1. For the stretch 4-15, in order, what is each residue's ³J(HN,Hα) by Karplus, 6.51 cos²θ - 1.76 cosθ + 1.60 with θ = phi - 60°, in whole Hz (x at glycine and Pro)?
2. Which of rounded, prolate or oblate describes the stretch 3-84 when judged by the alpha-carbon gyration tensor and an a/c cut-off of 1.5?
3. Placing unit charges on C-beta atoms (Lys and Arg positive, Asp and Glu negative, everything else neutral), compute the dipole magnitude of the chain about its Cα centre in debye, rounded to 20.
4. Considering Cα pairs under 8 angstrom that are at least six residues apart, work out the relative contact order of the stretch 10-89 and quote it in whole percent.
5. Which chymotrypsin sites (Phe, Trp or Tyr not before Pro) in the stretch 1-74 sit in a loop by DSSP (not H, G, I, E or B) and have at most 12 other Cβ atoms within 10 Å of their own Cβ?
6. Tell me, what HN-Hα J-couplings in whole Hz come from the Karplus equation 6.51 cos²θ - 1.76 cosθ + 1.60 at θ = phi - 60° for each residue of the stretch 34-40, using x for Gly and Pro?
7. Can you compute 3J(HN,Hα) from phi for each residue in the stretch 66-71, using the Karplus curve 6.51 cos²θ - 1.76 cosθ + 1.60 with θ = phi - 60°, rounded to whole Hz and x for Gly and Pro?
8. Between V81 and V29, what is the spin-label point distance in nm, taking each point 7 Å from the Cα along the Cα→C-beta axis?
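Nothing in this text is a laboratory measurement; each read-out follows from the coordinates by a stated rule. Source: prediction; values computed, not measured. Please note: Cβ atoms are built from the backbone with ideal geometry, for glycine as well, and neighbour counts cover all protein chains shown.
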Amino acid sequence: MTILAWLIVGIIAGWLAKMVSPGEAPKGVLGDLVIGVVGAIAGGWIFNSFGHPGATGLNVGSIVVAFVGAVVVLWLMRQFVRTRSARPA
C-alpha cells in the first residue's frame, strides 16, 4: 500500500473504531490516524493468522481489516491504561 492509502485507511478505520468503542481514546485526526494505522497492522496480523489477506490497498476490505484491528488495539489500550491507573502508587 502507498503511504497515502495507509493514511486514508488509518483515518477512516480509527474514526470508525472510536465511534463503536465506548470509552476514552486519543482525540483528533492524528489520534484517529495512529489508532487506524496500528489497527491495520494488528488487523493484518490477525487476519493473516486465519488465512485471510490483510490490508491490501485503498478498498473496503482493507478498511474492515484496519477497523477490526483498531477496535482490538483500543480495547487493549484501555485495559492497559485501566490496569495501570488502578494500581496503588
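1. 4, 5, 4, 5, 5, 4, x, 5, 5, 5, x, 5
2. Verdict is oblate for the stretch 3-84.
3. 360 debye
4. 35 percent
5. F50
6. 5, 4, x, 5, 5, x, 5
7. For the stretch 66-71, the Karplus curve yields 5, 4, 4, x, 5, 4 Hz.
8. 2.2 nm
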